[in-house]
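Chemist: Would you mind keeping the following structure in view while I ask a few things?
The values are calculated or read from the model by the stated rules, or taken from the named source; none is laboratory data. Given the structure is predicted, the values throughout are model-derived calculations rather than measurements. Using ideal geometry, Cβ is built from the backbone for each residue, glycine included, and neighbour counts are taken over all protein chains shown.
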């Protein structure tokens, strides 16, 4: 695969849609020089969300054990196995992702996965760097999400690795929904000699 054709997957979640941040988020990514090659505004199904998150029992058990320890530290009852607390985390995410329309996108360009991750910021808004989408536009935290028993509202999802992007894209888009076209910006970004700039 040509490096300038690396693809990454992005979802603008409910809080991003409801807070009218779609244009701002797209603009931040677009300004890097990455090319938008697919986009849709649609409701997600539960099956798509479970496939998207792609977690196994080991993950559920690990996250559930953390929840159990936190509940015990706060003096709260532990009334089910750790694995069920882990599954509750994902059930909350699926509920949130299916509660309204999402904006799904595929972006293409050199180091697309890393570039978008840098712009988006860390998963928890509270600890995301200033200048990132999550750091600049939201104030949620894991602590508040846990107190409320809900998914953290961090505006956006982006792929963590190229292999993950490839897997996620197939869940949300068919091959013929991904556009192949030439963008003039690519000339300045990828043309080695900048031929044709002068008249």
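Chemist: Select from segment 93-118 the residues that are surrounded by 14 or more Cβ atoms within 10 Å (Cβ to Cβ), more than 14 Å from the chain's Cα centre (by Cα) and not in a loop (DSSP other than H, G, I, E, B) and list them in ascending order.
Modeler: The answer is 108, and nothing else.
Chemist: Here is a follow-up. What's the total number of residues in segment 76-92 that are out of contact with any helix residue (DSSP H, G or I) (no Cβ under 8 Å at 6 or more places or on another chain) and either surrounded by 14 or more Cβ atoms within 10 Å (Cβ to Cβ) or within 13 Å of residue 58 (Cβ to Cβ) (or both)?
Modeler: 2
Chemist: On the given criteria, is residue 147 buried (at least 16 other Cβ atoms within 10 Å of the Cβ) and either under 15 Å from the mean Cα position of the chain (by Cα) or closer than 23 Å to residue 14 by Cα (or both)? Break it down into steps so the answer makes sense when it comes.
Modeler: Numbers: buried (at least 16 other Cβ atoms within 10 Å of the Cβ): no; either under 15 Å from the mean Cα position of the chain (by Cα) or closer than 23 Å to residue 14 by Cα (or both): yes.
No, not satisfied.
Chemist: Now for a separate question. Do the conditions hold for residue 21, that is, is it under 20 Å from residue 174 (Cβ atoms) and assigned by TED's automatic domain parsing to the domain that holds residue 158? Spell out the reasoning first.
Modeler: Working: under 20 Å from residue 174 (Cβ atoms): no; assigned by TED's automatic domain parsing to the domain that holds residue 158: yes.
The answer is no for residue 21.
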